[in-house]
1. Only one of these is over 20 Å from LEU77 (Cα atoms), open to solvent by 60 Å² or more (accessible area, probe 1.4 Å) and either at pLDDT 90 or above or among the small types (Gly, Ala, Ser) (or both): SER119, SER111. Name it.
2. Kindly indicate which of ALA209, ALA185 is among the small types (Gly, Ala, Ser), under 25 Å from VAL82 (Cβ atoms) and either in a helix (DSSP H, G or I) or modelled with pLDDT under 80 (or both).
3. From the list LYS87, LYS156, LYS130, which residue is in a loop (DSSP other than H, G, I, E, B), open to solvent by 50 Å² or more (accessible area, probe 1.4 Å) and over 20 Å from ILE73 (Cα atoms)?
4. From the list SER69, SER89, pick out the single residue that is closer than 23 Å to SER113 by Cα and under 51 Å from the mean Cα position of the chain (by Cα).
5. Taking the criterion of being within 25 Å of LEU153 (Cα to Cα) and in contact with a Gly (Cβ under 8 Å, 6 or more places away or on another chain), would at least one residue in region 63-72 satisfy it?
6. Consider region 159-169. How many of its residues are surrounded by fewer than 18 Cβ atoms within 10 Å (Cβ to Cβ) and touching a helix residue (DSSP H, G or I) at 6+ places or on another chain (Cβ under 7 Å)?
7. Within region 36-53, can you find the residues that are at pLDDT 80 or above and out of contact with any Lys or Arg (no Cβ under 8 Å at 6 or more places or on another chain)?
8. What single numbered condition from (1) of a type in the set (Asp, Glu); (2) under 21 Å from GLU151 (Cα atoms); (3) crowded, with 17+ Cβ neighbours inside 10 Å fails to hold for ASP81?
Amino acid sequence: MKTSKNKVLLAFLIILIFVLINMATVVTRPGEYRVIRQFGKIIRIDTVDSHPYGLGFKVPFIQTETPISSKLILSDLAASDVMTSDKKSMISDCFVLWRINDPSKFIQKLSGSQQNAESRISSNVYNALKNVISSLTQEEVISGRDGELAELLTEKLGTGLNAYGIYIEKIETKMLDLPDENKEAVYSRMVSERGNIAASYKAKGEQEAQKIKNNTDEKTTVIIARAQKTADTTIAEGEAEYMRILSEAYNDEAKADFYSFVRQLDAMKATLKNQDNTIVLDKESPIAQLFYQGAD
């Protein structure tokens, strides 16, 4: 019986020691802080780098530990209405990447609650967003969505959240759009503006085309006039040469009479083209004289 009691007592002591060691051991994993408190007061904060292998110790029953994440956290903020400097209403939808960089301040100011932290971040970001966009026109806001707006927001937000143990890694806008009731009017205005621009380009193009056409017509008229002048000169020279050759060919009386005879025959032939082969001629007619000359 005594031996059995000793075994039970030994087993109880072993379990008690194991429980005490487990309660006294603090294991800090990557991506987290371990906040050690004594009677509710923070006495130290352990990280992976603060102890070999992330292993630390605390006093059982007196000291407690609370894990807090040190990882990057994504918070999707609620969409909100903002007003540009030219009094245009826009809807902004942002997200924030942040982390806890001071667990002590985070616990003191926000009770260590991520929900409280996101509420504070949302309030500060909205104020920064409102101030930044109110200093820009709608056109500047839209053109700044490639990164300029995020830089201005980060700069405006500054270090205001450091007092809460929060570090803002990045702010980005998922959506920056017009309210539904304004979209149709804005789109119509944009279509009208693009139509005016297109009409302006078309008018300039037509004006340039007419200018080119006029220049081409003028050049064409000059070229045709020169060509016509050259053609008339060539024709006149050809006719003059023809008359010269003809004059040389019939420069004596015999050739001239023969030429006159042939021309008269051609004229008579032309007269007798129809089926009617009867011709009545005046005696004084050159053709009649041809027949009288033949009779002699």
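The values are calculated or read from the model by the stated rules, or taken from the named source; none is laboratory data. This structure is a prediction, so every number in the text was calculated from the model and none was measured. Positions of Cβ are backbone-derived with ideal geometry, glycine not excepted, and every protein chain shown enters the neighbour counts. The area values use the complete protein model at the heavy-atom level, side chains included, leaving out ligands, DNA and RNA. Shrake-Rupley method; radii C 1.70, N 1.55, O 1.52, S 1.80 Å.
1. SER111
2. On the way: ALA209 fails: under 25 Å from VAL82 (Cβ atoms).
Criteria check complete, one pass: ALA185.
3. On the way: LYS156 fails: in a loop (DSSP other than H, G, I, E, B); LYS130 fails: in a loop (DSSP other than H, G, I, E, B).
The match here is LYS87.
4. SER69 is the lone residue from the list that is closer than 23 Å to SER113 by Cα and under 51 Å from the mean Cα position of the chain (by Cα).
5. Here is the first cut: in region 63-72, the ones within 25 Å of LEU153 (Cα to Cα) are 70-72.
Filter again for in contact with a Gly (Cβ under 8 Å, 6 or more places away or on another chain), leaving 70-71.
Yes; the residues of region 63-72 include at least one that is within 25 Å of LEU153 (Cα to Cα) and in contact with a Gly (Cβ under 8 Å, 6 or more places away or on another chain).
6. Here the count works out to 2.
7. Across region 36-53, the qualifying residues are ARG37, GLN38, PHE39, GLY40, LYS41, ILE42, ARG44.
8. (3)
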